[in-house]
Amino acid sequence: MANKMWGGRFETKPAEIMEEINASISFDQRFYAEDIRASQAHARMLGACGIVTPEEADAIVAGLDTVREEIEGGRFEFRREYEDIHMAVEARLKDIIGPVAGKLHTGRSRNDQVATDFRLYIRGAIDHLDEQITTLQLALATKAKAHAATIMPGFTHMQVAQPVTFGHHCLAYVEMLDRDRGRFADARARVNESPLGAAALAGTSFPIDRHMTASALGFARPLANSLDSVSSRDFALETLAAAAICATHLSRLSEEIVVWFSAGFKFITLSDRFTTGSSIMPQKRNPDAAELVRAKVGRIAGAFVSLLTVMKGLPLAYSKDMQEDKEAVFLAIDALSLGLAAMTGMIEDMEPVPERMRDAAGQGFSTATDLADWLVLHAQLPFREAHHVTGRIVKHAENLGVDLHEVPLKDMQAVEPRITERIFDVLNVDKSVESRRSFGGTAPQNVKAAAEIWLKKLEAAGTSR
């Protein structure tokens, strides 16, 4: 027999393979809470507007409470014949309260229904991700304050560049993650508009109150165009784009953890809680948590490209292609949430090895820029000339097989006579780091002050929720 929910036009049931490709109940059942909440808001509005009686609205709302309790209690049967969570809920509602359940769908369509559920879901997911990002920022800022003066090498091209502090390095990721929070907040503002009441695509002739349902569901306003309401998924794309960028930041930090933890660096330690062993090599300790977080960006960026590809050729308004929107979003949000939780745990667990970091910071002629700066300040050389002089001294040190601070003064003076023994003050990594006091620089006093500012800001953000 035809589907009872929409089968008046059809005489026979769909082919089995049609049911298989058409059904989304296996994954959109995740929307059950959003679907029931939106349906209850719609029912109350129908009652308030006189489209159904107050008694009918109350019966629908109460019946939907029962459906939710059954789902949350594990007593609800998700049947593929009902295609999606919307039909499954309505069918069970009919079992509970009878034919009046059919009045719930007055003035709406599955098109605006699913768009509403999706926006509610993504809005909640963004709020959760914001909490997780804030928690990770707190872990990084706490580590930064504790290690504001712990010297490590800064790198460009993965070559030792200049000394920095570990705290400064941690705060770089705090800044990145804060921009991620900003992107999610921007996306949330555009998510937070209600499609409910747009119906299939053209609105409805029933005297509904879309502002009432929007307010009841916590939306800022109803969407202004019914076609746009049901056919747009840019809110999901924007969220996925923000997720992909955030995942990229996690991936970069994961890569650094993997490198720092390796035998060639040994900059950090990780406990048994965030490492694994080998099935054949008993000595191994692998930073698998970091490696797995690093890999998550592939799933998340792929989800963005997948949905972008689905949407790129769709005319207005709704097309069934858009059923492919949900799994990509679910996958990406789950992956990012897991990655944020794992990274927070690793940061809290991770401890730097200061002596290894400091030794490495002095290698690779990392204070060469300090030498050039000294020549500008004290020998009055133009920077380009100072750069050239420094390069010659570095070459000489390389030939001698020594670091810059080990080059004899007379050898430096042979290159530039105006160099004095005071040059050795700036060739020390501690002095180099201490001198970087410009705004945003790596001087320990800067780092400590910045970490304290971030901690206050992030703790306030946590308590304001």
(message) If you fit an axis through the alpha-carbon atoms of helix 85-97 and take the longest principal axis of the Cα set of the chain, what angle between them do you get, 0 to 90°, nearest 10?
(response) 40
(request) Work out, in µm²/s and without decimals, the Stokes-Einstein translational diffusion coefficient of the stretch 66-175 at 20 °C, 1.002 mPa s, Rh from Kirkwood over C-alpha pairs. (result) 113
(message) So if the hydrodynamic radius of the stretch 276-396 is defined as the Kirkwood radius over C-alpha pairs, what does Stokes-Einstein give as its diffusion coefficient at 10 °C and 1.306 mPa s, in µm² per second?
(response) 79
(request) Send over the semi-axes of the stretch 1-149's equivalent ellipsoid, whole angstrom and largest first, taken as the square roots of 5 times the C-alpha gyration tensor eigenvalues. (result) 38, 21, 13
(message) Could you compute how much accessible surface Ser435 exposes when probed at 1.4 Å, giving the result in Å² to the nearest 10?
(response) 70
(request) Compute, for Val415, the solvent-accessible surface of its heavy atoms (probe 1.4 Å) with the complete set of protein chains present, and express it in square angstrom to the nearest 10. (result) 30
(message) Pairs of alpha-carbon atoms within less than 8 angstrom and 6+ residues apart define the contacts here; what relative contact order does the chain have, in percent?
(response) 17
(message) Nearest 5 percent is fine: what portion of the DSSP beta bridges confined to the chain is antiparallel?
(response) 80
(message) Per residue, how big is the convex hull of the stretch 20-103 when only Cα atoms are used? Give it in Å³.
(response) 83
(message) What is the distance in Å between the Cα centroid of the stretch 237-289 and that of the stretch 210-231?
(response) 43
(message) As I understand it, the value is the acute angle between the Cα axis of helix 32-48 and the longest principal axis of the Cα atoms of the chain; what does it come to in degrees, rounded to 10?
(response) 50
(request) Enumerate the lysines that Lys448 could reach by cross-link, defined here as Cα to Cα under 26 Å, with residues fewer than 8 away along the same chain left out. (result) Lys143, Lys145, Lys266, Lys431, Lys456, Lys457
(request) Express the carbon and sulfur contribution to the solvent-accessible surface of the chain as a percent, rounded to the nearest whole number, probe 1.4 angstrom. (result) 53
(message) Angle check, please: helix 325-349 long axis (alpha carbons) against the longest principal axis of the chain (alpha carbons), in degrees 0 to 90, nearest 10.
(response) 40
(request) Would you mind listing how long the stretch 198-338 runs along its three principal axes, going by Cα atoms, in whole Å with the largest first? (result) 73, 33, 23
(request) Run through all the Cα pairs of the stretch 365-463 and give the fraction in each 10 Å bin from 0, expressed as whole percent. (result) 15, 39, 22, 12, 8, 3, 0
(request) Starting from the coordinates of the alpha-carbon atoms of the chain, obtain the Kirkwood hydrodynamic radius over all distinct pairs and give the value in Å to one decimal. (result) 26.4
(message) If you count only protein heavy atoms with a 1.4 Å probe, what accessible area per residue comes out for the chain, rounded to a whole Å²?
(response) 48
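The values are calculated or read from the model by the stated rules, or taken from the named source; none is laboratory data. Keep in mind that what you see is a predicted model, and the values were worked out from it rather than measured. Heavy atoms of the whole protein, side chains included, go into the accessibility calculation; ligands, DNA and RNA do not. Shrake-Rupley method; radii C 1.70, N 1.55, O 1.52, S 1.80 Å.
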